[in-house]
Amino acid sequence: MHRLVWAVLVLAACLMVQPARAAGVTSRDPERLPAGDYVLDKAHASLVARVSHMGFSRYTLRFTRFDASFSYDPALAGQTRITVTVDPTSLDTGSAGFSQALATGAGWLNAGAYPKITFVSTAVTQGPDGTGQVAGELTFLGVTRPLVLDVRWNGVGSGLIGGTRTGFSATARLKRSDFGNRTDLAVVGDEVDFEIEVEFYKT
């Protein structure tokens with residue numbers, strides 16, 4: 001009996017001193033990204049927009065609810081299809097009343113009539129050092145126009161509980177007037193800059 005207890009204690013001690021599972025980015029070589037389907041880790045994603053306010057500042061807001069996914073095949077990397085859906089009612093300016101006015105106002109995001117903002121990629125171009133561009137079509141306020149994202153791939157590795165994880169940083173710029181939104185152009189800038197930070201995990 002004592003030998004059994006001793007064996008269990010030794011085994012437990014050995015398990016405790018085993019090195020922790022390596023987590024984090026292990027490669028920035030695009031060829032090391034496994035083929036498969038990837039879904040957004042919403043807990044580690046942000047979508048921030050900035051627009052000029054009378055030239056005095058770059059007013060900052062964010063969307064707190066959005067989703068994205070893509071399917072990847074290394075042999076057809078340029079044809080990777082990325083889909084993004086944004087809930088306009090999740091607009092957050094830091095003021096609940098102001099956020100709601102912008103999200104639902106007929107002259108702004110008009111979420112009642114257009115409950116989704118979507119982006120669907122049409123082509124992916126890989127550049128040097130993990131940089132590249134994702135071209136696609138953005139549908140906003142019922143208007144669909146081309147949009148190009150400048151993207152940096154941050155690498156592939158393992159999450160804290162295992163599995164394959166990858167991440168991207170991206171920027172984009174659009175003119176809201178191109179989508180029929182010309183409200184208060186003398187006060188609020190026409191050009192809107194976006195900053196995107198996303199992590200995906202392989203299903």
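Among the candidates 106, 135, which residue alone is surrounded by 13 or more Cβ atoms within 10 Å (Cβ to Cβ) and farther than 19 Å from residue 66 by Cβ? Break it down stepwise before answering.
Values: 106 fails: surrounded by 13 or more Cβ atoms within 10 Å (Cβ to Cβ).
Answer to the check: 135.
Each residue in the range 95-145 was checked for being of a type in the set (A, V, I, L, M, F, W, C) and in a loop (DSSP other than H, G, I, E, B), and 6 pass.
Screening residue 198 on (1) surrounded by 14 or more Cβ atoms within 10 Å (Cβ to Cβ); (2) over 27 Å from residue 115 (Cα atoms); (3) among the β-branched types (Val, Ile, Thr) shows it passes everything except condition (2).
Taken together, 171, 203, 125 contain a single residue that is in contact with a strand residue (DSSP E or B) (Cβ under 7 Å, 6 or more places away or on another chain), surrounded by fewer than 15 Cβ atoms within 10 Å (Cβ to Cβ) and farther than 19 Å from residue 67 by Cα, which is 125. Residues of the range 95-120 that are free of Cβ contacts under 8 Å to residues at least 24 places away in the same chain and on the phi > 0 side of the Ramachandran plot: none at all.
From 94, 107, 78, 36, grab the single residue that is touching a Leu at 6+ places or on another chain (Cβ under 9 Å) and of a type outside the set (A, V, I, L, M, F, W, C).
Details: 107 fails: touching a Leu at 6+ places or on another chain (Cβ under 9 Å); 78 fails: touching a Leu at 6+ places or on another chain (Cβ under 9 Å); 36 fails: touching a Leu at 6+ places or on another chain (Cβ under 9 Å).
The unique qualifying residue is 94.
Residues in the range 66-80 that are within 21 Å of residue 117 (Cβ to Cβ) and surrounded by 15 or more Cβ atoms within 10 Å (Cβ to Cβ): 66, 68, 69, 70, 80. Among the residues of the range 78-94, those that are under 27 Å from residue 133 (Cα atoms), assigned to a helix (DSSP H, G or I) and out of contact with any Lys or Arg (no Cβ under 7 Å at 6 or more places or on another chain) comprise 78, 79, 88.
Every number here is computed from the coordinates shown, using simple stated rules; none is lab data. From a predicted model like this one, the values you see are computed outputs, not experimental measurements. All Cβ positions, even for glycine, are placed from backbone atoms using ideal geometry, and neighbour counts span all protein chains on display.
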